[in-house]
Amino acid sequence: MARAYNFSAGPAVLPEPVLEELKGVLHEFGSARAGIMEISHRSKDFQAVIDSAEARLRRVMGIPDDYAVLFLQGGASMQFYMTALNLAGPEDRLDYISTGTWSAKAIVEAARVCDAVDIWSSKDSAFDHVPGPQDILPVREGAVAVHYTSNNTVAGTQFHALPAVDVPLIADLSSDICSRTIDVKKHGVLYAGAQKNLGPSGVTAVILSPWAIARSEARGKATGGLPSMLNYALMVKKGSMFNTPNTFGIFALERVLAWLEVRGGVAHFAARNTARAARLYAELDRSDFWRPRARPASRSEMNIAWRISNPDLEPIFVTEASEAGLLALKGHRSMGGLRASMYNALPDNAVDVLIDFMRDFERRHG
Ligand code: PMP
């Protein structure tokens, strides 16, 4: 069977040329006379890969030189705990903007080590929006930082301006990293699981400001030593290689970033993502048959979530779409409905094929 258009929320579609490259290096990587997964992470060949991955991420995101870039394991979920552990002690306040399942999970983990609460939440309206410029964010006196989830993969919402606060931001960028530009300097920590816009699962990009690294060092001193695998300052010192990293995952991530750079970098993809999300939202707004979930000002360009006015039709939609070569359009299990994840690597015509399919579906079932 042919490859389908893959709208999976993650792990997600990878660029076709990168998949071709990956096939080749499994047996033979450069002059190593062994495959990419078979060489030491301490070898010169692998060091060149991780150095290039870091250099590319710095270029495409505009990461300042004094920030550190790490490639860790444990997923974004480990960062929920690790950020708090490295930035805050039991007396310290970390404030959270709660805009969905993943921010709620981040708060639970942070509350294990510090005074972490949500200062703003859209839970009462099924997470259908994020705070806008008109919303006051009641940051607590003395708060160390404010955490937000840049794009909410499940609810299909996205911040279109940074939260306006006077303390460093911590951002979970898992589902929109490198899909648009971002002002890195406003952040103390940025993190993202790779499995949506950067590569396969098993690698997490973590970007740390000098302030965050200094706080990690201070937390280490205050506690008599943070656990090594959870210690930002140690990971920076060891260049992400305190232990064996996910060598294949980092290689794949480096290739995805090369693919992205050759095509014009984040600016190119941002314009394309905006245009094609607008096409799909226009279709959802065109007819009462569809019910987009997110409020217009909060709509995500990466994960578009909607319902059908008659929800009984949703499972039929998912099955028929899959038969028509449009994969993984079922909404997250916690929300139901439908969702199209449209990461950088999704080909443009996938969106047009989806819209044609939707029109035909409406004609037949509307
Ligand atoms: N944050 C966001 C925004 C996510 O979408 C996800 C996963 N879908 C996570 C965190 C958790 O990521 P991981 O599975 O890498 O821990």
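Test D360 against the criterion of being modelled with pLDDT of 95 or more, assigned to a loop (DSSP other than H, G, I, E, B) and surrounded by fewer than 17 Cβ atoms within 10 Å (Cβ to Cβ), and give yes or no. Spelling it out, it is not the case that D360 is modelled with pLDDT of 95 or more, assigned to a loop (DSSP other than H, G, I, E, B) and surrounded by fewer than 17 Cβ atoms within 10 Å (Cβ to Cβ). Given the structure, is L260 within 16 Å of the ligand (Cβ to nearest atom), closer than 26 Å to P17 by Cα and either under 17 Å from the mean Cα position of the chain (by Cα) or in contact (Cβ under 8 Å) with a residue 12 or more places away in the chain (or both)? Taking the combined requirement at face value, the residue does not satisfy it.
Taking the range 65-80 as the range and being within 11 Å of the ligand (Cβ to nearest atom) and either assigned to a helix (DSSP H, G or I) or surrounded by fewer than 18 Cβ atoms within 10 Å (Cβ to Cβ) (or both) as the test, the residues that pass are Q73, G74, G75, A76, S77, M78, Q79, F80. Is there a residue being assigned by TED's automatic domain parsing to the domain that holds C178, away from the ligand (no atom under 16 Å from the Cβ), more than 22 Å from R339 (Cα to Cα) and part of a helix (DSSP H, G or I) anywhere in the range 86-109? The answer is yes; a qualifying residue exists. Total residues in the range 1-44 satisfying the condition of being modelled with pLDDT under 95 and within 16 Å of the ligand (Cβ to nearest atom): the figure is 0. When you scan the range 125-137, do you find a residue that is within 16 Å of the ligand (Cβ to nearest atom), part of a helix (DSSP H, G or I) and under 26 Å from Q195 (Cβ atoms), even just one? No; the residues of the range 125-137 include none that is within 16 Å of the ligand (Cβ to nearest atom), part of a helix (DSSP H, G or I) and under 26 Å from Q195 (Cβ atoms). Scanning the range 37-58 for residues that are assigned to a helix (DSSP H, G or I) and touching a residue at least 60 places away in the same chain (Cβ under 8 Å) yields M37, F46, V49, I50, S52, A53, R56, L57. Under the condition of being within 16 Å of the ligand (Cβ to nearest atom) and either surrounded by fewer than 16 Cβ atoms within 10 Å (Cβ to Cβ) or without any contact (Cβ under 8 Å) to a residue 60 or more places away in the chain (or both), the residues counted in the range 219-245 number 1. Here D348 passes the criteria (1) surrounded by 19 or more Cβ atoms within 10 Å (Cβ to Cβ); (2) charged (D, E, K, R); (3) under 30 Å from R59 (Cβ atoms) except the one numbered (1).
Going by the structure shown, is R140 of a type outside the set (A, V, I, L, M, F, W, C), more than 12 Å from the ligand (Cβ to nearest atom) and surrounded by 23 or more Cβ atoms within 10 Å (Cβ to Cβ)? For R140, the condition - of a type outside the set (A, V, I, L, M, F, W, C), more than 12 Å from the ligand (Cβ to nearest atom) and surrounded by 23 or more Cβ atoms within 10 Å (Cβ to Cβ) - is not met.
Restricting attention to the range 303-325 and to residues that are more than 22 Å from the chain's Cα centre (by Cα) and among the aliphatic types (A, V, I, L, M), the residue that is nearest to F289 (Cα to Cα) turns out to be I308.
The values are calculated or read from the model by the stated rules, or taken from the named source; none is laboratory data. This one's a predicted model, so the numbers in the text were calculated from it and none came from an experiment. As a convention, Cβ positions derive from the backbone with ideal geometry for all residues, glycine included, and neighbour counts pool all protein chains shown.
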